[in-house]
1. What does the charge count near Ala216 come to, summing +1 for each Lys or Arg and -1 for each Asp or Glu among other residues with Cβ under 12 Å from its Cβ?
2. Once you've got the Cα coordinates, tell me which of Lys78/Lys107; Lys120/Lys218; Lys120/Lys147; Lys599/Lys663; Lys218/Lys267; Lys78/Lys229 are over 20 Å apart.
3. Keeping all protein chains in place and using 1.4 angstrom, which order do Met92, Met105 fall into by accessible surface area, from largest down?
4. Leaving ligands and nucleic acids out of the surface, order Thr429, Thr112 by accessible area at 1.4 Å, largest first.
5. Counting other Cβ atoms within 10 Å, which chymotrypsin sites (Phe, Trp or Tyr not before Pro) in region 342-436 have at most 10 and lie in a DSSP loop?
6. Sum -39500 (n - 2.57) across every DSSP H segment of at least 4 residues in the chain, then divide by the residue count to get the 222 nm mean residue ellipticity, nearest 500.
7. I'd like the antiparallel share, as a percent to the nearest 5, of DSSP beta bridges with both residues in the chain.
8. Using Cα centres only, tell me the gap between region 621-662 and region 60-97 in whole Å.
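The values are calculated or read from the model by the stated rules, or taken from the named source; none is laboratory data. Quick caveat, the model's predicted, so the values are computed rather than measured. Using ideal geometry, Cβ is built from the backbone for each residue, glycine included, and neighbour counts are taken over all protein chains shown. In case anyone asks, the SASA skips ligands and DNA or RNA and just uses the protein heavy atoms, side chains included. Shrake-Rupley method; radii C 1.70, N 1.55, O 1.52, S 1.80 Å.
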Amino acid sequence: MKRFLQVLVVLTMAVPAWTQGITWGPQIRVDDAPGLSGHPAIHPYTIIDDSLPDNPRVYTIWEDDRDGNGRHAIYFAKSTDLATSYSRPNVMVCNDSLDNVYPWMVKAGSGTIYVVWQVKHTDTFWRIYLSKSTDGGATFTPPDTIKGPSVRNNKDDANNFGALPRIAVDARDSILYLVWTEATGSLATKIRCSRSLSRDVNFTGMVRVNVDSLKAAKHPAIACDDSGKVFVAYEQSDGGNTNDPQCDIFCNRSLDHGLTFGATDLKLNDNGDVARMQNPTIDRINGKTMVIWEDTRTGVAASNAQPVLFFSQKADTAAAFSANLRVSDTLSGDWNYRPRMAIDGTTGNMVVVWHSNVDTTDEAFELRLCAFNDSVGQFSPSYKMFDTYTGNSGANFGNIFYPPAVAITDIDSVANYFLVWRDLGEDTTGNIYSRHGLVITSQVDLDIFPDLLDARGDSLDFGTLPAGPAYVSRSFRVANTRDSLNPDPLDGPSTATVDSLTAIGITLHHVTTPSQTLTAGFIESPASLPGLAIGQTVDVTVTLYVPEGTPAGRYVGYAKLRAVGNDLTVDSDSIRIVVQGPAAAADLANVRVFPNPFKQWLGHRTVNFDGLTAAATLKIFDIKGRLLTTIEENDGDGLATWAPSAASGVYLWSVTNPQGQAKAGKIAILR
């Protein structure tokens, strides 16, 4: 397989002025189902066993319907060579006599691997199953339902996915915690927590986590530490309706190893109950609890669609969670689902991976990644690491998605990243793939200057353009940064020269009808983009026009430059392109005719009549007044074109409209 290197700008918590990058290795198939298609493999989750610091193990669990019977088995694979390969054959943790879904996995300090998932029985109720391995995943105990608490949940619809069990274990491997969603009859769903001191299927207690039993809570996420603190995040509605489209994100904690939870749960979202918030993910580091969730506060609120991602954190000594920060940015799509975060316990680096739509529709999704800088309290720009195809619909609030699995460990003081996800590129029902990335400290940093030349902030605004070949240009400046020349101080400066600078094609989308595109934009100069030494800049000119027949309205897209450094690291930056057009004129006062004269040997093919009203009639006459052609303008773009076949000479034209206005003139044809 061809090795593909790609770098993401990652901001470190410890040193905000220093940038790092992740270099990604080749894509590796995890599941070993025969062939490339026809066997749904979904919902992967990955953890790291770093008990051998120089040779960590990568463990991955997923559900798999490789025999196509409509039921899923639970499979496991491990890599002992830094995700260069995965174990063959895969280990079947549980067969598919019943349908097994939503697996989750943790590893204790002792090396024991615990796996939990849910199974729907013939009585339509979900059961929670557990299995564990004490030999590094070579074998697993026979799967069995958990004993002790009464798990009741028969929900299975667009908003409720059943019990959704999640587990956590303290590093000393002394207590195994389990949380799930309970649904009993018509009562509001609740978050329950139980624990196993024997660390097997035997659990005790059934503590309610969410404080208000009359409000529907679901989708729990859990984190714990050795001091007895257990933190659970979840979404909760304003009432008992489990299908409430406007939930809030809450968190509650236990300070006594899960025996009791706080009398007050803390609300994380700070925008009020005006949007849909769901699917929190949680993690802990250095006495801080961090939560990320899906949030439609910036999207189409009326339909609770187009979620973005928000983040909040709380130090153990703080009374409340912090002000919300947006995670996904304008570089990502409008639909963002199922975030997963991973934190490097050694360096404090945190990355977030999620599913985001590729263009302006919700018909194709990819993975994006960004990093958090705790020193300045900001997220880096999101980045497409490499080509992925993770879904084809955001329907039902992204129900087809499962959080991509990402894990971090340090090897020889270098952060190594392991990413596992379900991809539809080869099999439309899903294969499981993995990539290994490692942090490098030398990289190129490409930045576009805001508010310089024609740039205004992050945009080049072309204003309102008429239809037709009326070429308009705007320019911006880009730099391979250095200490004293770094437009974006959150990353850089560059430590590499740019050997290759390329432009990616410009496509603009109609803001209200995204399927309507405008592709008549291009980089006009320089004709060939140069390499750049550290600290060198280049001015880039974007030229575009609005083709005849383009629907009126506002079009938005990006001009993106990609730099490859002499150390093979990659960076990119983009500037937003905005144009309003075309629009018909209110009257005929400013009709333009071009080219005039028409010179065929210069490549002229049509004569353009611009500045017409929405409805107009154009007539062409020879010099003696004989009518040659009549052209009706009725598509609303204010442009009519004539492709002359007449001989060289002077011709007359006239334009009239239904309002009784008229305009006339002459045009020369030179063959």
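1. -2
2. Violating the 20 Å Cα-Cα cut-off are Lys599/Lys663; Lys78/Lys229.
3. From most exposed to least exposed: Met92, Met105.
4. Sorted descending by solvent-accessible area, the residues read Thr429, Thr112.
5. For chymotrypsin sites (Phe, Trp or Tyr not before Pro) across region 342-436 that sit outside H, G, I, E and B with at most 10 neighbouring Cβ atoms in 10 Å, the list is empty.
6. Result for the chain, helices only: 0 deg cm²/dmol.
7. Within the chain, antiparallel bridges account for around 95 percent of the total.
8. Region 621-662 and region 60-97 have Cα centres spaced 70 Å from each other.
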